[in-house]
Amino acid sequence: MTFNITNQFGFNTLKTCRRQLACLVFLLTCLPAFAPAQVATADKFTMANGFEASLVYKVPKGQGSWVSLTTDSKGRLIACDQYGAIYRITMTDGKADVVALDLNLGAAQGLLCAFDSLYVMSTGIKNGKYKCEPGLYRVQDTDGDDNYNKVEHLQKIQGRGEHGAHAIVLSPDKKSLFICAGNMTGLPPLAGSKQPSVWQEDQVIKSFPDPRGHATGLRAPGGWICKCDPEGKNFELFANGFRNAYDIAFDPNGELFTYDSDMEWDIGLPWYRSTRVCHAVSGAEFGWRTGSGKWPAYYADSVAPILDVGPGSPTGVTFGTGAKFPAKYQNAFFISDWSYGAIYAVSLKPNGASFTATKERFCAAPALPVTDIVVNSTDGNIYFTIGGRRAESALYCVKYIGDDSTAPANYPAPTKLAIERKKLEADHTPDADIDFESTVQALNSDDRSIRYAARIALENQSVKNSSANWADGINALPTQTKLEIATALARVAPTMQTKTVATLSRLDFAALSNPQKLHLIRTYGLVICRVDAIEAATKEAIQKLEANFPTGDQFIDYELSRLLVAADSPTIVAKLMPIFKKQTTQEPQVATAWTLSEAKVGWTLDLHRDFFQTMLDNANSRGGNSFAGYVTNIRENAISKLSDENAKQLSGLLARRPEKADPYAELKARPMVKAWTVADLLPADESAYKGRDLENGKKMFAVATCYKCHRIKRDGGVVGPDLTTAGRRFGSKDLLEAIVEPSKAISDQYEAQKFLMEDGRVIVGRVVNLFGSKYAVQPDMADPSTIIRIEVDAIEESAASKVSPMPNGLLDTLTKEEILDLLAYMRSTAEEQKK
């Protein structure tokens, strides 16, 4: 094949040659089917078996970019532009008739038809045709002509744009409204709260604000869910501690769920929390705090998510109730990811008083920014919108066309423990006439959700004025009950520090289970967070725990070291420094550096030298946009605690700056062993994994840079799939193929796109965000902070890449024995998870 390198003007141009070469490379390395960038058509979708998605309506620019969706009593759809009008869509023979509602109202991120009204949650519009204040509105048709003509502003709710107030849904008893809002939204005046209004930051050591300025100054309770009456009055706080949940939905049993967002700038940091499905129980606290202060899921005074989904941008959610789908999907919780262009079907499985959950990719396409999703019970289909941030917008319909039955499905009945939890939740009010004996007994339940519900019920009662003082007789109670009551006292009765600490100090740390050890440490932390002055006896009790350090459990040691630093332990720095120097993955490295940077006592010049040298050695770790800023601030925090003499002695070391390094440099520095194939490594039978060196396998997991993208046992990156259970889910051959031949089978969830640009560039990466007419493309999963922005109109062709984002040859510098150790380690973590 030859190239014509002479352009239409007769000039021999290198640019033209490069462009044609790029075209050839693009064609040779992409799938056969490719098309210009556009609103996704049916052939672009990856669907669950038996389903099809069809484009119903392409929203013209004059109608904006739709971000909210609901249905009315006649089965019509109502949608709203993020910055403009509200539209009613009537479907006739698959075609959409779209009419703008004649209202001086818009910019809705939540819509609901209920109580013969349209409820609108507006972010507010200051300019243009549709001028309105932010907050909750009720719109009615008062003359019966099928047109809304009355607008009432029920409640002003002040928020900031996309982190403001969002969805409105009808309560299960159809008597109230439930509303969710992001973390930049102030609470409306409250008539009540399911948990006592005693929320605080509760940081045992100083937390750092986001170095790029995001959400600085925001404090608890974070994002929230409130209940109110149809008139928009009597707001009651139901749950809080979310980052930015956009939508909420009730299952057929009246259980409330949401899909909360991550802070993608935190990727690679120990406080990063992925997007998560949350069971929003009464009085729930999910622990969002600004900056580095986000709570881990194991904190006993919080509610844990039921599913970590990974990076993304959560938008609309709904249950499949009323859909003409197979039973599995009628009972599914559908969640939307705006960033990665996907709708997941989440299957919920009752687990005690709460649930466990698994997800499957239900509907996906490249650059599909899903904003909202509803089931239209009139035709039994799902409808969803794409758009947001002035991106091209459209309305789609998902139908089931398979052969399985779509008869109405039975939803699983509540478990006995769920019924018990609901009974306890009925007492989540200060004026409840509670049965103290049975409530205290519930604190010793094996079920975390039962214990949480019981503790919130007790916290709502006054310790001093209740008819039965539930803090009395604490020392005669079971260990778990003591821990729960001590947590309650630390939260609602901080003046009882002496009594709380006396209770905790009598517990034998070594005899506690790991969750109880974490609970004990957290409760000591709550005590010192919520008092003006830490009593000497409290410090002494905490410092006695140092005899148990280190325990060998990463998270217990992390929490215990923070507590000991807060209690001014004189020897914890010397014990923690050898651990810091040996850590091989960046999340524990940053966590330990943060802890040490807050230590005020126990330092020597040599320990300080080791600290700053280790920080320098670890300086080429990568993460989200805020990663480098946080690490810099941790280092500066440590420098601020140096004496003048030590600062002078270490001036040379402190002046050094890290050189930019290849993230695979350590791996490449190892000598080549062999270009391994699956056949070379596949063991004859399972006996090859017996008696392997699991510690070396864990080390090889780090050497092969697996941690940069993958998580295992709650440690490592999040941009690739979690591998904790991979050793159980996949056989040896499949596991080896995924590592040795990563491009053989690429999950569409991690598939990159190739874009051929008008200027001849070929850009490869995942579309992770949209800004009007631009895509934000992440070219390197190992470096989430690197983003390339491309103009959609400048894309000539796009196609799925046939090359995996995971590099080839990651095992080629490892010996066969080292590789078998690595595989044995992965299998062992799967077995631990199973147990």
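A compact table of results
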| item | result |
| --- | --- |
| Efficiency of FRET from Cβ geometry, residue 360 and residue 574, R₀ 60 Å, rounded to 0.05 | 0.75 |
| Amide H contacts of residue 192 (H built 1.01 Å from N, under 5 Å, at least 5 apart or other chain) | 237 |
| Extended-chain gain in nm, criterion 0.36 nm per residue less alpha-carbon gap, residue 502 and residue 647 | 48.1 nm |
| At R0 = 30 Å, FRET efficiency that the Cβ-Cβ distance of residue 532 and residue 190 yields, to 0.05 | 0.70 |
| Length-normalised contact order for region 638-748 - Cα pairs under 8 Å, 6+ apart - percent | 20 percent |
| Apportionment of accessible area to carbon and sulfur, region 173-308, percent (1.4 Å) | 49 percent |
| Calculated from backbone phi, Karplus (6.51, -1.76, 1.60) coupling profile of region 476-483 in Hz, x at Gly/Pro | 8, 8, x, 4, 4, 5, 4, 4 |
| Long-range amide H partners of residue 462 with built H, under 5 Å | none |
| Calculated [θ] (222 nm, deg cm²/dmol) that DSSP helices of n ≥ 4 give over the chain, each run adding -39,500 (n - 2.57) | -8000 deg cm²/dmol |
| Tensor-based shape of region 108-246 (alpha-carbon gyration tensor, a/c under 1.5 rounded, otherwise prolate or oblate) | oblate |
| Given 539/600; 131/227; 175/349; 206/708, the pairs whose alpha carbons are separated by over 19 Å | 131/227; 175/349; 206/708 |
| Portion, in percent, of the accessible area of region 484-571 that falls on carbon or sulfur, probe 1.4 Å | 52 percent |
| Qualifying trypsin sites (Lys or Arg not before Pro) in region 606-662, DSSP loop, other Cβ atoms within 10 Å at most 15 | 656, 660 |
| Contact order normalised by residue count of the chain, Cα under 8 Å, 6+ apart, percent | 11 percent |
| Net length gained if the chain between residue 733 and residue 174 were fully extended (0.36 nm per residue, minus Cα distance) | 195.9 nm |
| Filtered chymotrypsin sites (Phe, Trp or Tyr not before Pro), region 575-609: DSSP coil and at most 11 other beta carbons within 10 Å | none |
| Pairs beyond 30 Å (Cα-Cα), from 156/416; 174/422; 359/575 | 156/416; 359/575 |
| Heavy-atom surface of the chain, accessible at 1.4 Å and reported per residue (Å²) | 42 Å² |
| Considering only the chain, percent of DSSP beta bridges that pair antiparallel, nearest 5 | 95 percent |
| In order through region 372-385: 3J(HN,Hα) via Karplus (6.51 cos²θ - 1.76 cosθ + 1.60), integer Hz, x for Gly, Pro | 8, 8, 9, 9, 9, 5, 5, 10, x, 9, 9, 10, 9, 10 |
| Qualifying trypsin sites (Lys or Arg not before Pro) for region 211-272 [loop in DSSP, other Cβ within 10 Å: at most 14] | 212, 219, 233 |
| Residue 780-residue 686 pseudo-label distance in nm [points 7 Å out on the Cα-to-Cβ vector] | 4.1 nm |
| Under Karplus coefficients 6.51, -1.76 and 1.60, residue-wise ³J(HN,Hα) of region 134-147 in Hz, glycine/proline x | x, x, 8, 10, 10, 10, 9, 9, 8, 10, x, 9, 6, 10 |
| Entry for log10 I(q)/I(0) by the Debye sum over Cα atoms at q = 0.08, 0.11 Å⁻¹ (calculated from the structure that is shown) out of (1) -0.80, -1.25; (2) -0.78, -1.42; (3) -0.88, -1.20 | (2) |
| 19 Å cut-off, amide nitrogen to a point 7 angstrom out along residue 406 Cα→Cβ, residues in region 312-326 | 318-326 |
| Stretch gain in nm, segment residue 100-residue 160, where the contour uses 0.36 nm per residue and the Cα spacing is subtracted | 19.1 nm |
| Residues of type lysines that residue 581 reaches as a straight line, Cα spacing below 18 Å, ignoring anything fewer than 8 places off in the same chain | 698, 699 |
| Amide H contacts of residue 51 (H built 1.01 Å from N, under 5 Å, at least 5 apart or other chain) | 401 |
| Cut-off 14 Å (backbone N to label point 7 Å along Cα→Cβ of residue 152), residues of region 100-117 | 114-117 |
| For region 99-171, convex hull volume per residue from C-alpha positions, Å³ | 94 Å³ |
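The values are calculated or read from the model by the stated rules, or taken from the named source; none is laboratory data. These numbers were taken from a predicted model, which means no experiment stands behind them. Positions of Cβ are generated from backbone atoms using ideal geometry, with glycine treated the same way; all protein chains shown enter the neighbour counts. To get the accessible areas, we keep the full protein, side chains included, count just its heavy atoms, and leave off ligands, DNA and RNA. Shrake-Rupley method; radii C 1.70, N 1.55, O 1.52, S 1.80 Å.
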